[in-house]
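Engineer: Take this structure, written in structure tokens, and hold onto it; I'll ask about it next.
The values are calculated or read from the model by the stated rules, or taken from the named source; none is laboratory data. Treat the numbers as computed from the prediction; the structure is a model and nothing was measured. Methodologically, a virtual Cβ is constructed for each residue, glycine included, from the backbone with ideal geometry; neighbour enumeration extends over all protein chains shown. Ligands, DNA and RNA are excluded from the accessible area calculation, which covers all protein heavy atoms including side chains. Shrake-Rupley method; radii C 1.70, N 1.55, O 1.52, S 1.80 Å.
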Amino acid sequence: TGPANPLENTTWQWVNFRDAKQDYSVAGSENYTITFLPDGAATIQADCNNVNAGYTVDGSSVNISILAATVPSCGESSLGGVFIDYLNQAATYTIDGTTMRIDLFADGGTMTFVQVP
């Protein structure tokens, strides 16, 4: 069996989003990461914003709660706000090797991540 929390001490880079209306790769994906810390906290890089969050894992369910964020404008092409909004809607996750998928509530879409070594 694996650790009780397989996300603990891992960092993931957002690379793709898919829902019923769109399917796109994330440009500048190195600027969109989430690191899951062992104490139930997570740090998020959402383009030019730094975000603090909490998270819980229960089986394949994951809940990410945004606690605080810096608020500089990252420019019109930034996906920073969308990234935070999607993470707030996280429902379940799966990990396959170095790829993680987070499915959003109510068939809201799927975020795909690659693990950062």
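Engineer: Probe radius 1.4 Å, ligands and nucleic acids ignored: give me the carbon and sulfur share of the accessible area of the range 13-117 as a rounded percent.
Structural biologist: Using a 1.4 Å probe with all protein chains present, the range 13-117 comes out at 49 percent carbon and sulfur.
Engineer: Keeping every protein chain present and rolling a 1.4 Å probe, give me the accessible area per residue for the chain in Å².
Structural biologist: About 54 Å² of surface per residue is accessible.
Engineer: Additional query: If the chain between Leu37 and Gln22 were fully stretched, how many nm would it gain, using 0.36 nm times the residue separation less the Cα-Cα distance?
Structural biologist: Roughly 2.3 nm would be gained on extension.
Engineer: Under a crude label model (7 Å from the Cα following the beta-carbon direction), how far is Glu76 from Asp96 in nanometres?
Structural biologist: In this crude spin-label approximation the distance works out to 3.7 nm.
Engineer: How big is the charge dipole of the range 3-117 about its Cα centre, in debye rounded to the nearest 20, if each Lys and Arg gets +1 on its Cβ and each Asp and Glu gets -1 on its Cβ?
Structural biologist: In total the dipole reaches around 40 debye.
Engineer: If ligands, DNA and RNA are left out, what is the accessible area of Tyr24 with a 1.4 Å probe, given in Å² to the nearest 10?
Structural biologist: Tyr24 exposes around 50 Å² with every protein chain in place.
Engineer: Using θ = phi - 60° and the Karplus form 6.51 cos²θ - 1.76 cosθ + 1.60, what ³J(HN,Hα) does each residue of the range 56-70 get, whole Hz, x for Gly and Pro?
Structural biologist: After applying 6.51 cos²θ - 1.76 cosθ + 1.60, I find 9, 10, 9, x, 8, 8, 9, 10, 10, 10, 6, 9, 7, 9, 6 Hz.
Engineer: Now, a different point. Any chance you could check the Cα centroid distance between the range 1-45 and the range 97-117 for me, in angstrom?
Structural biologist: Between the Cα centres of the range 1-45 and the range 97-117 lies a distance of 7 Å.
Engineer: Taking a point 7 angstrom from the Cα of Val114 along the C-beta vector, which residues in the range 36-65 have backbone N less than 15 Å away?
Structural biologist: none
Engineer: R0 = 25 Å: FRET efficiency of Glu30 with Ser60, Cβ-based, nearest 0.05?
Structural biologist: About 0.40, to the nearest 0.05.
Engineer: At a threshold of 8 angstrom on Cα-Cα distance, excluding pairs fewer than six apart, so keeping six or more, what relative contact order does the chain reach in percent?
Structural biologist: 25
Engineer: Let me ask something else about it. Would you check the accessible area of Leu79, probe 1.4 Å, heavy atoms only, in square angstrom rounded to 10?
Structural biologist: Number for this one is 40 Å².
Engineer: Can you work out ³J(HN,Hα) from phi for every residue in the range 37-43, in order, using Karplus 6.51 cos²θ - 1.76 cosθ + 1.60 and θ = phi - 60°, giving whole Hz and x for Gly and Pro?
Structural biologist: These are the phi-based 3J(HN,Hα) values: 8, x, 9, x, 9, 9, 10 Hz.
Engineer: Select from Val15, Val26, Val82 the residue whose mean-square fluctuation is largest in a Gaussian network model of the chain (Cα-Cα springs shorter than 10 Å).
Structural biologist: Val82
Engineer: From the Cα trace of the range 11-63, what convex hull volume per residue do you get, rounded to a whole Å³?
Structural biologist: It is 97 Å³ per residue.
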